[in-house]
Amino acid sequence: MVQNYGLGRGLSSLIPQKTKKITEPEADFNYFGSKIEKNNQEVASAQKLLEDNEIDISKIIPNPHQPRFHFDEIKLQELSDSIKEHGIIQPIVVSKKGEQYEIIAGERRFQAAKLAGLSRVPAIIREVSEQQKLELAIIENIQRHNLNPVEEARSYQKLMTDFDLSQEEISVKLGKNRSTVANKLRILNLPVEIQKALMEDKITEGHCKAILAIENTEKQKALFDLILKNGLTVRQTENKSKEVSVRMHKRILNIDPEQKALEDNLSQALNTRVKLQKSGAGGKIVIEFYSEEELRNIAENIEKIGK
């Protein structure tokens, strides 16, 4: 059975429809350029239509809002090889920008076409706003499952910061549940090394959700290291996360009010985090710093206290 890889409702609903001299083919085109089980006459007609609406590849430029950063080199080469043999079956979608054409949808096909040495590619020209360029690029990648979770989260964040969209508005425009959008955005609160591991498929979103249940960044990193070291499943990670949260909660309940007041006073005086670690009648004062300059400032503050 031939799978339909059309633009989908999401894209077509956002692209302004115009009267065109050339009608877009409605045949079941295969995104990867494999042979289409249609009669020869329909295939020839569709191919002729594509050839009549081709653009010089040197005039095409990438979408600056493209949410996808990583393209699998092996799969890109496979698509390029297929294009060499069968050509581009589904046109890319572009918008006019001066003498050039900016990609709206079809970045991967464009890259593969360049790799295949094509000089011209079939394209459909549309007039869209900058916001729509980002929305359409996100939708295309989401529909084809091309974005990793971090790329998807960054795309939602860009819609919020650059175009002032709320999570609710994003969910409506992209056909996602609001909770899905919110959970994706939470990924960006994780330390960079954990986000990188998620992008590289070393951990899953389930692992990240369990890690996010812990508020302390250092504890998050410690649990992450444990996942990699012991190959913890999502369920095992969830259990570890609960253990850490319970221990932290007990520690908070057992804090001596006088000790907490001393820590707060020292932290304020030294302008950094200070922890008292008691051991019997003695103990240690732990003063945190994150740069040489901060260490010098702490030393100066200590001297002021001593005067």
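Throughout, read-outs are computed from the coordinates displayed, never taken from laboratory work. This is a predicted model, so every value here is computed, not measured. Using ideal geometry, Cβ is built from the backbone for each residue, glycine included, and neighbour counts are taken over all protein chains shown.
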- Query: According to a simple spin-label model (label point 7 Å from Cα along Cα-to-Cβ), what is the distance in nm between residue 243 and residue 166?
  - Reply: 4.2 nm
- Task: With a point put 7 Å past each Cα toward its Cβ, work out how far residue 226 is from residue 130 in nm, to one decimal.
- Result: 4.6 nm
- Query: Under 13 Å Cα-Cα from residue 240, which aspartates and glutamates qualify once same-chain neighbours fewer than 8 residues away are excluded?
  - Reply: 225
- Query: Do the alpha carbons of any pairs in 184/221; 260/284; 209/229; 221/242; 75/133; 59/114 sit beyond 21 Å of each other, and which pairs?
  - Reply: 75/133
- Task: Report, in cubic angstrom per residue, the convex hull volume of the C-alpha atoms of the range 190-253.
- Result: 68 Å³
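For 166, 245, 80, what's the fewest-to-most ordering of other Cβ within 10 Å of each Cβ?
Numbers: 166 12, 245 15, 80 19.
The order, fewest Cβ neighbours first, is 166, 245, 80.
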- Message: How large are Rg and Dmax for the range 158-219 when calculated on the C-alpha trace, in angstrom?
- Response: 13.1, 36
- Fewest to most Cβ atoms within 10 Å: 156, 101 sort as 101, 156
- Query: Where the centroid of each part is defined by its Cα atoms, how far is the range 178-213 from the range 265-288 in Å?
  - Reply: 33 Å
- Would you kindly state how much longer the chain becomes between residue 78 and residue 120 on full extension, computed as 0.36 nm times their sequence separation minus their alpha carbon distance, in nm to one decimal? 13.2 nm
- Item | Pairwise FRET efficiency - residue 294 versus residue 205, Cβ, R0 = 35 Å, nearest 0.05 | 0.50
- Message: Suppose R0 equals 45 Å. What FRET efficiency, 1/(1 + (r/R0)^6) with r the Cβ-Cβ distance, do residue 284 and residue 157 give to the nearest 0.05?
- Response: 0.65
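Taking the Cβ of each residue in 79, 165 as the centre, tally the other Cβ atoms inside 10 Å and list the residues starting with the fewest. Display every interim value, and only then the final one.
Working: 79 23, 165 20.
Exposure proxy ranking, most exposed first: 165, 79.
Taking the Cβ of residue 224 as the centre, find all other residues whose Cβ is under 11 Å away and add up their charges (Lys, Arg: +1; Asp, Glu: -1). Working shown, then result.
Numbers: positive: 196, 202, 219, 221, 229, 240; negative: 193, 218, 225.
Net charge in that neighbourhood comes out at +3.
Classify the range 257-306 from the C-alpha gyration tensor, please: rounded if a/c falls under 1.5, else prolate or oblate depending on whether a/b exceeds b/c. List each step's numbers first, then the result.
Numbers: a/c = 2.06, a/b = 1.79, b/c = 1.15.
Note, shape of the range 257-306 comes out prolate.
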- Note on the structure: Here the alpha-carbon Rg of the range 144-286 over 2.2 N^0.38 Å rounds to 1.34
